[in-house]
1. With a ≥ b ≥ c taken as the square roots of the eigenvalues of the C-alpha gyration tensor of the range B:24-179, please select rounded if a/c is under 1.5 and otherwise prolate if a/b is larger than b/c or oblate if it is not?
2. Mind listing the label-point distances from B:E141 to the same position on all other copies, shortest first, one decimal in nm, points 7 Å along Cα→Cβ?
3. Output ³J(HN,Hα) for the range A:17-31: one whole-Hz value per residue in order, computed from phi by the Karplus curve 6.51 cos²θ - 1.76 cosθ + 1.60 with θ = phi - 60°, and x for Gly and Pro.
4. Would you kindly state how much longer the chain becomes between A:E81 and A:H62 on full extension, computed as 0.36 nm times their sequence separation minus their alpha carbon distance, in nm to one decimal?
5. For B:Q77, go 7 angstrom from Cα along the Cα-to-Cβ vector, then report the distances to that same point in the other copies in nm, smallest first.
6. Using 1/(1 + (r/R0)^6) with R0 = 25 angstrom and r between the beta carbons of B:Q69 and B:S39, what's the FRET efficiency to the nearest 0.05?
7. Along the range A:95-107, what does the Karplus equation 6.51 cos²θ - 1.76 cosθ + 1.60 (θ = phi - 60°) give for ³J(HN,Hα), rounded to whole Hz, x for Gly and Pro?
8. Roughly how crowded by other chains is peptide B:130-138, in terms of the mean Cβ count from those chains within 10 Å of each of its Cβ atoms?
2 protein chains.
Amino acid sequence: MGRILDIESGDEDEAVLVPPSNFSMVEEAIFRSSFPQPSNFPFLQTLNLRSIIYLCPEPYPHENLEFLQSNNIRLFQFGIEGKKENSSPVRTHSIMEALKVLIDVRNHPVLIHCKQGKHRTGCLVGCLRKLQNWCLSSVFEEYQRFAGAKSRIMDLTFIETFDILILRQCLYSIIYQYQGYGSKKRRLLYKDESLQKPGLTSF
Amino acid sequence: MGRILDIESGDEDEAVLVPPSNFSMVEEAIFRSSFPQPSNFPFLQTLNLRSIIYLCPEPYPHENLEFLQSNNIRLFQFGIEGKKENSSPVRTHSIMEALKVLIDVRNHPVLIHCKQGKHRTGCLVGCLRKLQNWCLSSVFEEYQRFAGAKSRIMDLTFIETFDILILRQCLYSIIYQYQGYGSKKRRLLYKDESLQKPGLTSF
């Protein structure tokens, strides 16, 4: 966020900010929430978003698209059905593609959302946590904190069986694709210029 | 956190990380959780903590103190009783002092914790949100996400009645104290050197 409070303009009359429900920071420059309403736009502006990952098949509302346009935010839509069986290869493919967008620092700061910010968003964040080597019980605890009484066993099974190795291999292939070999070796650009190792080692 | 995943060492045999229960990122370089156990230490090391804000009166366990020492983490302890009336001036004073430590970027990255990461931690984070001008319903929603069925009305009342103006005035006085006047004017140091305005305007 980079901005906790602004003291010089911090008088008591300052406009109150309304985050979307189920809003939270996931990682540095990664946020999650329910579907943002126009009342949430002033708050979202404080996040300086570069992109939004939207996980529903329904078209994005006009006023939300306008907000994105006027704030130069890129929309990545992955149309995942709300209540269909999670084991479908279609959902696995969508979450995999969304993960690739999510961990690409060129898209940060990024907000993930679906409708309630519980199930589809919870699945994507859960898969990110697996990629970060979190133990499964911690991944489930975080999922349930947001899903509450609406926790779905099929989501937990989806997260548990999601094959993170395929994504790791895919990321390796991206590294090779960008780096090239031998004299054709190139490098990706990083925010942290002090990185010693070549390639997409950490961010 | 600055580290989402390390692909080069990302083979499937890599040690699984165990965050403390109720762990979450609050803001950039601010985290919250329940009381960390030794099994959580490898995970906590990935956060590169500079300090811990501990909100219970009980002495810190020996093995936790050792972890802090070997990782050069400073402990700030504010002994707040677990179930006493929240309206006590003592608790208000403790939360105020903890907030001053919390928003000082020189202490970041910082982890806030009590025992369960629900009530005392929830109160401190709730007061931080008020300082950030979040609307009260969003502050309460976040408190309840962590407290769950153990949500306490006295905590919500504490957050609602906590006077953030006193803290703002106190921060102004810190600015004057550090900056001085006229030819004695000094400046605090900031991470973001591109700041145009003098003083503690935003971080």
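1. Working: a/c = 1.62, a/b = 1.20, b/c = 1.35.
In terms of gyration-tensor shape, oblate.
2. Those separations, rounded to one decimal, come out as 2.4 nm.
3. Once rounded to whole Hz, the list reads 9, 10, x, x, 5, 6, 6, 7, 7, 9, 8, 3, 6, 10, 10.
4. Numbers: separation 19, 0.36 × 19 = 6.84 nm, distance 2.09 nm.
Roughly 4.7 nm would be gained on extension.
5. Here the equivalent label points are 5.6 nm apart from this one.
6. Values: r = 19 Å, r/R0 = 0.75.
Computed FRET efficiency for B:Q69 and B:S39: 0.85.
7. 5, 4, 5, 5, 4, 4, 5, 4, 8, 7, 4, 5, 9
8. Details: counts 1, 4, 10, 12, 6, 7, 1, 3, 9.
Across the residues of B:130-138, the mean count of other-chain Cβ atoms within 10 Å is 6.
The values are calculated or read from the model by the stated rules, or taken from the named source; none is laboratory data. As the structure is a computational prediction, the values presented were derived from the model and not from experiment. Positions of Cβ are backbone-derived with ideal geometry, glycine not excepted, and every protein chain shown enters the neighbour counts. These area figures cover heavy atoms from the full protein model, side chains too; ligands, DNA and RNA do not enter into them. Shrake-Rupley method; radii C 1.70, N 1.55, O 1.52, S 1.80 Å.
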